[in-house]
Amino acid sequence: LVVAGDNQKKPRIVILADKDKIEMEDEIRDNIDDLGNMKIVCRSGDQLDVIDLDIVSPHDAKSIIVLSPEDVSNPDTYVLKSVLAITHNPRRKKEKYHIVAEIKDESNLEAAELVGKDEAVYVITPDMSARITAQTCRQSGLSTIYTQLLSFVGDELYFNKEKTLEGKTYKDAIFAYEDSAVIGLKNAKGEILINPLMNTVIELGTEVLAISEDDDTVKVSGKNQFPIKHEAIFEKSTISTPKPEKNLILGWNYRGATIARELDQYVQPGSELHVVLEDTDIEEIENQIKKIVKKQKVTVSSGNIADRLVLVSTEVQKYDSVIILSYQHMDVQESDAKTLIALLHLRNIVQAADHKINIVSEMCDIKNKELAEVTKADDFIISDNLISQMLTQLSENLDIKKVFDILFEAEGSEIYLKNISDYIDVSQPVSFYTVLESAAHHNHTAIGYRLAKDAYYEDKNFGIKVNPKKSELIQFGPNDKLIVVAED
């Protein structure tokens, strides 16, 4: 249980867990170099016990995060009981609580909502990480974008009410900010509209949803004229017809079946999914996947994913994307070591074949991410880290959950990285206003770009720039990508 932001002037986090206080403090010290102005207090106790709960004063908290316990058979039961112990505490406060909690099984969501009522919001963490993985394996760079939007480092998502935009259109709104990237609206009813039609009228009480450096940087520029090179805009881009895909999953864990299900939401009928794993229950896993997918032909085989001969015999170079899942039953470092070896073999095999595929790997320990970058994999997913960032974001603003629920669904608008050359003539430098105008012709909201030449350099954010200054000239290349929010 994490109690955050009490009434003291100094930001304060109080952690309550059935764990030794010194052990918790050592773990925090090992993982956080600089706490800044933040004070963290650890307390040992049972979060299901109303007396122990009083130790951390949840009734004075700005927000409360309930984490799912590890190494228990029914973790959701503990989460629901914790929420119940807060909301039905005889000493509870009169005002509503701001509770964010994680649950593992979607079938428990209905019971969880009865317990938390309108005081708690829940994140089904396996589903969320599976959706991110499924989207990322098909679009290199997407995990870096999500990591930036979910973290508190760099630009984030903010809601802002701007009276001068009332009566104007959504297209007017996306051009109104020089240093913020508008991606949607929240109307007076609280409904979130991500990438609505460009002619959507902004009514009284509507807020813009924008990516910006801080909440006080979401300011209209006041400009009425924009440096748009209309001659550089392609009015009609050639949209290729999606084709069936061949995807490969190496390794397996409890998220595997959910990832297969999420992939099925995006691929075309006739697609193929092959799974290679070290497990004796091959037939059981294959049947499990086949029950939940409709568009993909599924095959499962046994093999050591860190064995080069296994990867060569699997003909990894014939796939469109490869997902490497971490083994949860192994030691964290052993699991990541197996992933690293598989990555090195994969990169070597596809380079020898002169073939381009997206390689997405799941890491257990974020500290191994830097080491893994020598493999030049397209993306790394550290599921626990992403989920932690999301829970923290929600502890600040519950409406952000509605945003990510939309972005992570197969239906509606999502974030895509599309060929920049489908939008503009890349032979000349243009401002981002030009790119924004071209994307708007297709009802796409442009929010950034990726430079191919920097795709494998961490110090350049892997070539990704979200929310660029719109008036600066940029020289794009033919292999660069435009980051847009679009329906397809």
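The values are calculated or read from the model by the stated rules, or taken from the named source; none is laboratory data. Small disclaimer: the values here were computed from a predicted structure and weren't measured. Quick reminder, even Gly has a Cβ in these numbers, built from the backbone with ideal geometry, and neighbours come from all protein chains shown. Calculation scope for accessible area: heavy atoms of the full protein, side chains included, ligands and nucleic acids excluded. Shrake-Rupley method; radii C 1.70, N 1.55, O 1.52, S 1.80 Å.
Please identify the chymotrypsin sites (Phe, Trp or Tyr not before Pro) of region 116-221 that satisfy two criteria: DSSP loop assignment and at most 15 other Cβ atoms within 10 Å. Which are they? For chymotrypsin sites (Phe, Trp or Tyr not before Pro) across region 116-221 that sit outside H, G, I, E and B with at most 15 neighbouring Cβ atoms in 10 Å, the list reads Phe152. Backbone geometry of region 155-168 corresponds, through the Karplus equation with coefficients 6.51, -1.76 and 1.60 at θ = phi - 60°, to 3J(HN,Hα) couplings of 6, 10, 8, 9, 9, 8, 9, 10, 4, 5, 8, 4, x, 8 Hz, x marking Gly and Pro.
Please find the FRET efficiency linking His88 to Glu231, where r is the Cβ-Cβ separation and R0 is fixed at 56 Å, and quote it to the nearest 0.05.
Values: r = 66 Å, r/R0 = 1.17.
Efficiency at R0 = 56 Å is approximately 0.30.
Pop the C-beta distance of His441 and Glu409 into the FRET formula with R0 = 22 Å and round what comes out to the nearest 0.05. Numbers along the way, then the final one.
Numbers: r = 25 Å, r/R0 = 1.13.
Using R0 = 22 Å, I get an efficiency of 0.30.
Amide H contacts of Ile447 (H built 1.01 Å from N, in plane; Pro and chain starts excluded): Ile483, Val484, Val485 sit under 5 Å, all sequence-distant by 5 or more or on other chains.
Work out how much length Lys81 to Ser57 would gain on full extension: take 0.36 nm times their residue separation and subtract the Cα-Cα distance, in nm to one decimal. Intermediate values should be presented prior to the final figure.
Working: separation 24, 0.36 × 24 = 8.64 nm, distance 1.74 nm.
Contour length minus Cα-Cα distance gives 6.9 nm.
The modelled label-to-label distance between Ser471 and Leu398, using points 7 Å beyond Cα along the C-beta direction, is 4.1 nm.
Ordered by 1.4 Å accessible area with all protein chains kept, Leu344, Leu391 run largest first as Leu344, Leu391.
Rolled with a 1.4 Å probe across the full set of protein chains, the surface gives His355 an accessible area near 80 Å². For region 286-350, trypsin sites (Lys or Arg not before Pro) meeting the loop criterion (DSSP other than H, G, I, E, B) and having at most 14 other Cβ atoms within 10 Å: Lys294.
Using DSSP to define loop residues, name the trypsin sites (Lys or Arg not before Pro) in region 396-487 whose beta-carbon has at most 16 other beta-carbon atoms within 10 Å.
On the way: sites: Lys401, Lys402, Lys418, Arg450, Lys453, Lys460, Lys465, Lys469, Lys470, Lys481; in loops: Lys469, Lys470.
For trypsin sites (Lys or Arg not before Pro) across region 396-487 that sit outside H, G, I, E and B with at most 16 neighbouring Cβ atoms in 10 Å, the list reads Lys469.
Bridging of Lys470 to aspartates and glutamates at a Cα separation below 12 Å is possible for Glu178, Asp179, Glu437, once same-chain residues fewer than 8 apart are set aside.
Close amide H contacts of Ile381 (hydrogens built in the peptide plane, cut-off under 5 Å, sequence separation of 5 or more or a different chain): Ser361, Glu362, Met363. Take the Cα of Leu48, step 7 Å toward its Cβ, do the same at Asp26, and the gap between the two points is 2.7 nm.
The P(r) of region 92-148 has a tail past 19 Å containing 46 percent of all C-alpha pairs. Couplings 3J(HN,Hα) of region 108-121, computed from phi: 8, 5, 4, 5, 4, 5, 5, 6, x, 6, 9, 9, 9, 10 Hz, in residue order, whole Hz [Karplus 6.51 cos²θ - 1.76 cosθ + 1.60, θ = phi - 60°; x for Gly and Pro].
Annotation: amide H-H contacts under 5 Å for Ile183 (H modelled 1.01 Å from N, sequence separation of 5 or more, or interchain): Leu209, Ala210, Ile211. Over all distinct Cα-Cα pairs of region 12-164, the Kirkwood formula returns a hydrodynamic radius of 17.8 Å. In the chain, taking the dipole from charged Cβ atoms about the Cα centre, the farthest positive-side position among Tyr146, Gly222, Val66 is held by Gly222. For region 338-488, the Cα-based Rg and Dmax, in that order, read 17.5, 48 Å. Here is how the number arises for the chain: DSSP H runs of 4 or more residues each give -39500 (n - 2.57), the sum is divided by the residue count, and the result at 222 nm is -9000 deg cm²/dmol.
Placing dummy labels 7 Å off each Cα toward the beta-carbon, the span from Lys189 to Asp365 is 5.1 nm. Using a cut-off of 21 Å between Cα atoms, the listed pairs Lys229/Lys453; Lys418/Lys465; Lys223/Lys469; Lys246/Lys294 include Lys229/Lys453 as exceeding that distance.
Tell me, what are the semi-axes, in whole angstrom and largest first, of the equivalent ellipsoid of region 223-324 as set by the roots of 5 times the Cα gyration tensor eigenvalues? All intermediate terms of the calculation are to be shown ahead of the outcome.
Numbers: eigenvalues 290, 53, 37 Å².
Here the semi-axes work out to 38, 16, 14 Å.
What FRET efficiency, computed as 1/(1 + (r/R0)^6) with R0 = 30 Å and r the Cβ-Cβ distance, is obtained for Asn74 and Ile292, rounded to the nearest 0.05? Step by step, r from the Cβ atoms, then E = 0.85. A convex hull fitted around the alpha carbon atoms of the chain yields 159 Å³ per residue.
Both numbers refer to the Cα atoms of region 429-488; Rg and Dmax are 11.5, 34 Å. Region 41-83 and region 260-297 have Cα centres separated by 37 Å. Bridging of Lys189 to lysines at a Cα separation below 20 Å is possible for Lys96, Lys117, Lys161, Lys163, Lys168, Lys401, Lys402, once same-chain residues fewer than 8 apart are set aside.
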